[in-house]
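*Asks:* Structure in structure tokens, see below.
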Amino acid sequence: MSAQPSLVATDVARTFGRRQVLRAVTFCAHPGEMIGIVGENGAGKTTLLRIIAGLLPASRGRVEVRGPLGYCPQEPQVHPALTVAQNVEWFAAAYRMPRTIPAGALMERLAFEQYRDVLVRDLSGGTRQKLNLVLALMHAPAILLLDEPYQGFDWETYQRFWALAEESRRAGQTIVVISHLFYESGRFDRVLRLRDGVLTTAEDAA
Amino acid sequence: MITQFWATFRLSLVEQKHNRFAIALLLVYLPAWCAIIAALSAGSIEFKLRAFGVIVTTSQLRLSLLTGMLNATTLIMGFVGLNVMRQSAPVDQRLVLCGHSRTALVLGRLVALGLAALVVAGYAAGIVSLFFPVRHFVVVAAGTFVAVAAYVAIGTLAGVVLPGDLEGFFFIIMLSLVDTFMQNPIGSAAANHQVVEFFPSYLPMQMVVAGALTSLVAWWQFWAGLGWAAGVGILGLAAFWYRTRTARTARADF
């Protein structure tokens, strides 16, 4: 693991109206590290990830990142009236990368390349989620932010996802995963626990 | 940015091609609506074409066909604009987060919607021409384009500003009904009131009616109507621009 962090969040706070969702969250993550963020519903996990991703401004504090980000939101954010291949093409244009070659390999890994030419609105929830994940991974980002990325996955795809995540970690990517599944804790190098917007524990799980 | 513009333009058109409901409405509802009007309208009517200050005498059938066509196309394309904004805003924000130029995104979507409006206007003018020979087809198509563009812009704005689909649908339905009904001298005493000049489809309506029934043509109406649509469209695009913003500027990359 490199000594220099790829992601640093310092004193990050966020309020919605009078409700304080995050309070002075500080942590860092290094290349090749997989971090799990756990907590109850409404603890602020998704808000924290959205702030790190840049979708939401922090009310206070600072986020610093080194290298490109990949963000997989909890709900699939894809164009429903386009096919899988067309969604990939549009995001490839956003990433300024050649069309579908890396995404094609990822689609094979997650076993849904046969849906390449199917409209997203006609896909099952699990297959939409696979596409949602591929759109975050396809440009091989230095930092991966995954918000419960396996919702709707069958067991086999769930295992494939973790195999892929392991490979990405070994390749030096920083991975931050939001999870509420206790039995997944062993997969992470560190587990950060959010409670009422406060980062209460940071324990070594590995 | 050019690659991103073309991707947005092309894929926005593909999205619209897959809007089966809107296409079905255009292919089935519009001709059926015109056929019903043709079957039920009778008699003649004399009315003042406000923008030209002339009295026109025509059949109720022709006037009803023109107002009915405008009402149907503005409704359908208003929904298309609304649908594009409602469905795409979160994904478009994600695209921007992934490095997509917001300018390319907005321009690509704008040009695609403009092209769709052009095709729909030509088609709708063609449908009306099946029922009676319009005097100036290009003027009718151009006026319809302006009306459709105005409602695409209104739909776009409603899609960004209003909280839900239902609110957007009701807003467009009510606006289009009031707009076209109040201007129609058949059944609306307010058609000669000055207030109709402020309605979204006033200038296009004058242009379409004049182009279809008279030899009067005033292209300033086209440009003024387009300006009206552009004004609302700019508000919608500004709202879209705001909705697709990211917090990247507040972050530090080291």
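*Asks:* Which count do you get for residues in the range A:138-161 that are modelled with pLDDT of 90 or more and farther than 20 Å from residue A:47 by Cα?
*Replies:* Qualifying residue count, the range A:138-161: 2.
*Asks:* Please tell me if residue A:13 is in a strand (DSSP E or B), of a type in the set (Gly, Ala, Ser), within 14 Å of chain B (Cβ to nearest Cβ) and more than 26 Å from residue A:183 (Cβ to Cβ).
*Replies:* When the stated conditions are applied, residue A:13 passes them.
*Asks:* If I filter the range B:99-106 for residues that are hydrophobic (A, V, I, L, M, F, W, C), within 14 Å of chain A (Cβ to nearest Cβ) and crowded, with 20+ Cβ neighbours inside 10 Å, do I get at least one hit?
*Replies:* yes
*Asks:* Right, next: Of everything in the range A:74-95, what is under 13 Å from the mean Cα position of the chain (by Cα) and more than 7 Å from chain B (Cβ to nearest Cβ)? Give them in sequence order.
*Replies:* Passing the criteria: A:74, A:75, A:76.
*Asks:* Take residue A:38 and decide whether it is at pLDDT below 90 and either crowded, with 21+ Cβ neighbours inside 10 Å or in contact with a Gly (Cβ under 6 Å, 6 or more places away or on another chain) (or both).
*Replies:* So residue A:38 fits the description; yes.
*Asks:* What's the number of the only condition in (1) of a type outside the set (Asp, Glu); (2) closer than 25 Å to residue B:20 by Cα; (3) free of Cβ contacts under 8 Å to residues at least 24 places away in the same chain that residue B:99 fails to meet?
*Replies:* (2)
*Asks:* Can you tell me which residues in the range A:120-130 are within 24 Å of residue A:34 (Cβ to Cβ) and either surrounded by fewer than 23 Cβ atoms within 10 Å (Cβ to Cβ) or basic (Lys, Arg) (or both)?
*Replies:* Listed by number, the residues that qualify are A:126, A:130.
*Asks:* Checking the conditions here, which among A:62, A:109, A:160 is more than 27 Å from residue B:104 (Cβ to Cβ) and within 13 Å of another protein chain (Cβ to nearest Cβ)?
*Replies:* A:62
*Asks:* Also, quick follow-up: When you check residue A:19 against the structure, is it basic (Lys, Arg), out of contact with any strand residue (DSSP E or B) (no Cβ under 9 Å at 6 or more places or on another chain) and more than 10 Å from chain B (Cβ to nearest Cβ), yes or no?
*Replies:* So residue A:19 fits the description; yes.
*Asks:* Another question about this same structure. Suppose we keep only residues that are closer than 20 Å to residue A:53 by Cβ and surrounded by 17 or more Cβ atoms within 10 Å (Cβ to Cβ) within the range A:150-163. Which one would you say is nearest to the chain's Cα centre (by Cα)?
*Replies:* A:150
*Asks:* Let me confirm something: among B:9, B:5, B:21, which residue is more than 21 Å from the chain's Cα centre (by Cα), at pLDDT 85 or above and within 14 Å of another protein chain (Cβ to nearest Cβ)?
*Replies:* B:5
This table checks each residue for (1) without any contact (Cβ under 8 Å) to a residue 12 or more places away in the chain; (2) more than 27 Å from residue B:162 (Cα to Cα); (3) within 14 Å of chain A (Cβ to nearest Cβ).
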position: B:40; (1), (2), (3): yes, yes, no
position: B:52; (1), (2), (3): no, yes, no
position: B:60; (1), (2), (3): no, yes, no
position: B:75; (1), (2), (3): no, no, no
position: B:80; (1), (2), (3): no, no, yes
position: B:93; (1), (2), (3): no, no, yes
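*Asks:* Let me confirm something: among A:147, A:117, which residue is in contact with a helix residue (DSSP H, G or I) (Cβ under 9 Å, 6 or more places away or on another chain), away from chain B (no Cβ under 11 Å) and crowded, with 23+ Cβ neighbours inside 10 Å?
*Replies:* Testing whether each residue is in contact with a helix residue (DSSP H, G or I) (Cβ under 9 Å, 6 or more places away or on another chain), away from chain B (no Cβ under 11 Å) and crowded, with 23+ Cβ neighbours inside 10 Å leaves just A:147.
*Asks:* Kindly provide the set of residues from the range A:16-27 that are of a type in the set (Gly, Ala, Ser) and either surrounded by 19 or more Cβ atoms within 10 Å (Cβ to Cβ) or not in a strand (DSSP E or B) (or both), ordered by number.
*Replies:* A:17
The values are calculated or read from the model by the stated rules, or taken from the named source; none is laboratory data. Bear in mind the structure is a predicted one, so any value in this text is a computation, not a measurement. Counting neighbours? That spans all protein chains shown, and the Cβs are built from the backbone with ideal geometry, glycine included.
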